[in-house]
Amino acid sequence: AALVAAVLQGCGYALVGTGRGILPEGASAVFVESFVNDTPRVGLAQRLADAVIRELAGRARLTPVSDRSAADVELSGRILSYQVNPVRFDDQGRALEYEIAVVARVRLTDRKTEKALFENPSFLFRQPYPVAATSANYVDVENAAIEAMARPFARSLVTTILEGF
């Protein structure tokens, strides 16, 4: 029994998100580079980057800084695709719910070594977005959907990077 316990203890199993994570020792400041937008949706990358900065500011592990030279780590991103698709309809064929999907390339770099600490070439975020049956304009629905998904996108991305989930 002691042998089995010793083997299991040293086998490397651990809960994700319970350790120091990927951050270098002493890292406390992060610079978030403006995201690049490869989609035709104007302002999408800026909205998502702003939400990521706010999410990082709300956590105690990294403090966002506006000066790249003051940062220990740097987060960069590129919005590769963005889609809003209707997924549920009423009896008249009007959309009652949309799914918004964003694919981004993200990278967290150690500024001292220029080594990638985290990299995901296709970070996928999807979220349903319900709309009122009285919504008359698709563009208004789309703008509201972007606003509604920016914070959950940021929360998901920051959690994935910092906690390993």
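The values are calculated or read from the model by the stated rules, or taken from the named source; none is laboratory data. Just so we're clear, the structure is a prediction, and the values are computed from it rather than from any experiment. Cβ atoms come from the backbone with ideal geometry, glycine included; neighbour counts cover every protein chain shown. The accessibility values were calculated without ligands, DNA or RNA, using every heavy atom of the protein model including side chains. Shrake-Rupley method; radii C 1.70, N 1.55, O 1.52, S 1.80 Å.
The set of residues in the range 120-151 that are farther than 15 Å from Gln83 by Cα, exposed (fewer than 14 other Cβ atoms within 10 Å of the Cβ) and at pLDDT 95 or above contains only Pro121. Among residues of the range 57-71 that are on the phi < 0 side of the Ramachandran plot, those with a Cβ under 6 angstrom from a residue that is open to solvent by less than 80 Å² (accessible area, probe 1.4 Å) and of a type in the set (D, E, K, R), sequence gap 6+ or separate chain, pair up as Ala71/Arg111. Scanning the range 34-44 for residues that are within 20 Å of Glu119 (Cβ to Cβ) and at pLDDT below 95 turns up just one, Ser34.
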